[in-house]
Amino acid sequence: VQLQASGGGLVQAGGSLRLSCVSARRTFSNNAVGWFRQAPGKEREFVGAISWNGGSTHYSESVKGRFTVSRDRSANIVYLQMDNLALEDTALYYCAAARSSYSDSSRSSYAYWGQGTLVTVSS
């Protein structure tokens, strides 16, 4: 599974962006998919994840209530809707497909990673 994240850009604080994650070669419709981010000088951290069928989602405390992960299995796309963005959301955002249909916040649960897409939030 080769993933590609897109949709990043420059946005003002309080604004919104929607990131997309697609698989270039194989479907990931039976895999859980997670979003992670890495700010300059910091460790990569979990943002949110969705189960294979979209029936279960979970988020980090820092984004809960502002970010939403969803998926369109027929189109093989996973989205990260980011609302009410804050300066501390600035980071390189990655999507990753898990080894199983349900997953957690641990990076080791994810086997397939895409390249990141940069989100910059300005004041």
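Give me Rg over Rh for segment 32-123, both radii from the alpha carbons and Rh done the Kirkwood way, two decimal places. Could the numbers behind the result be given before it?
On the way: Rg = 12.5 Å, Rh = 13.3 Å.
With Rg and the Kirkwood Rh in hand, the quotient comes to 0.94.
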Estimated inter-spin distance, residue 57 and residue 105, nm [label 7 Å along Cα→Cβ]: 1.7
Difference of contour (0.36 nm per residue) and Cα-Cα distance, residue 115 to residue 88: 7.7 nm
Solvent-accessible surface (1.4 angstrom probe) belonging to residue 71, in square angstrom, nearest 10: 40
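Taking the Cα centre of the chain as origin, work out the dipole magnitude from +1 charges on Lys and Arg Cβ and -1 charges on Asp and Glu Cβ, in debye rounded to 20. Before the final figure, lay out the partial values.
Values: 12 positive and 8 negative charges, 80 e Å.
Computed about the Cα centre, the dipole is about 380 debye.
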Which of 50, 77 is most accessible, then next, and so on - probe 1.4 Å: 77, 50
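Please list 36, 46 in order of solvent-accessible area, largest first, computed with a 1.4 Å probe with all protein chains present. Don't jump to the answer; show the numbers that get you there.
On the way: 36 0, 46 30 Å².
The ranking, largest first, comes out as 46, 36.
The values are calculated or read from the model by the stated rules, or taken from the named source; none is laboratory data. Please read all numbers here as calculations on a predicted model, not as lab measurements. When we count neighbours, we look across all protein chains shown, and the Cβ atoms used for this are built from the backbone with ideal geometry, even at glycine. Side chains included, ligands, DNA and RNA excluded: accessible areas come from the protein's heavy atoms. Shrake-Rupley method; radii C 1.70, N 1.55, O 1.52, S 1.80 Å.
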